[in-house]
1. Of Lys3/Lys141; Lys175/Lys214; Lys3/Lys160, which ones are farther than 19 Å apart at the Cα?
2. Give me the dipole magnitude in Debye, nearest 20, for the chain about the Cα centre, with unit charges on the beta carbon: positive for Lys and Arg, negative for Asp and Glu.
3. Label 7 Å along Cα→Cβ of Ser28; segment 223-248 residues with amide nitrogen under 18 Å?
4. So which trypsin sites (Lys or Arg not before Pro) in segment 89-157 end up in coil per DSSP with only 16 or fewer other C-beta atoms within 10 Å?
5. Less than 13 Å apart at the alpha-carbon level, and either on another chain or at least 8 residues along: which aspartates and glutamates does that give for Lys59?
6. Per residue, how much accessible area does segment 1-120 have with a 1.4 Å probe, in Å²?
7. Restricting to DSSP H runs of at least four residues, report the calculated mean residue ellipticity at 222 nm for the chain, -39500 (n - 2.57) per run over all residues, nearest 500 deg cm²/dmol.
8. Please work out whether segment 91-207 counts as rounded, prolate or oblate from its C-alpha gyration tensor, where a ≥ b ≥ c are the square roots of the eigenvalues and a/c under 1.5 means rounded, while otherwise a/b larger than b/c means prolate and anything else oblate?
Amino acid sequence: MRKPIIAGNWKMNKTVTETIALLKEISSKDLSKNVEKVVIVPFTSAYSAVKELKNTDIKVGCQNMYFEESGAYTGEISPLMLNDLGIDYVIIGHSERREIFKESDSLINKKVLSAIEHSINPILCCGETLEERENNRQEDKVKSQLIEDLKNISKDDIEKVVIAYEPIWAIGTGKTASSDDAEEMCKFIRDLLVELYDSKSASKVRIQYGGSVKPENVSEIMSKDNIDGALVGGASLKADSYASLINF
Ligand code: 13P
């Protein structure tokens, strides 16, 4: 059985002071024990977040990392730095990193390999643009991303990867993919994993949907066979709304 995983991606929001205040509020809520709960905070908030959530079952993630352990890479954060903080998850290849910061699939692949090597679970994002969706190219796009991003990830390691299907046109736009469209793509991803690995390994991988998930649509999305969680931006930034997502 795959344990559902709901992660709030805070993106570039919340100062340290605001982080502590929000996490105090979140951790005072009654949150389901049957869901793996993650908050994915800015680097500057990570230390305080881990400290604040020490006695809870809410895990902390970061939004990016470089693949090297140390060196002359101005502005980057290494897996050893995340290990030292006690970070459990790291988002790799979010569409905002791909689109705004021009991250390539080969860079993303190096980051996924490095995260696994350092025992940090990658949340690997994939998804198509509006134009690709309108031309019915969503499957080709996601397939080519995942084949490259998962290169040299072994059968033993693939279950450590969470895959987040996030159609770019649904991110922050209020337009959610219909639950049937989301399920269709998540099933496509699972079938691809069967091809790349085998059905046993594929059945262990958790696949999230992301893109305008909110308390009003989360239970419908989570009811689908191949959707094991959600990666949520905007609606994860308030304690009440985060709690409603977790308790879907
Ligand atoms: P929204 O939930 O704000 O659409 O963002 C989705 C997302 O990009 C999560 O990583």
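The values are calculated or read from the model by the stated rules, or taken from the named source; none is laboratory data. Since this is a predicted model, take the numbers as computed values, not measurements. Counting neighbours? That spans all protein chains shown, and the Cβs are built from the backbone with ideal geometry, glycine included. Accessible surface is based on the protein model in full, side chains and every heavy atom, while ligands, DNA and RNA are left aside. Shrake-Rupley method; radii C 1.70, N 1.55, O 1.52, S 1.80 Å.
1. Lys3/Lys141
2. Dipole magnitude for the chain comes out near 640 debye.
3. In segment 223-248, the label zone of Ser28 (backbone N under 18 Å from the point 7 Å along Cα→Cβ) covers 237-244.
4. Here the sparse-neighbourhood loop sites are Lys102, Arg137, Lys151, Lys155.
5. Reachable aspartates and glutamates: Glu36, Asp88.
6. Spelled out: the 1.4 Å probe surface of segment 1-120, per residue, equals 51 Å².
7. The helix contribution divided over the chain gives -11500 deg cm²/dmol.
8. Judged from the Cα gyration tensor, segment 91-207 comes out oblate (a/c at least 1.5, b/c at or above a/b).
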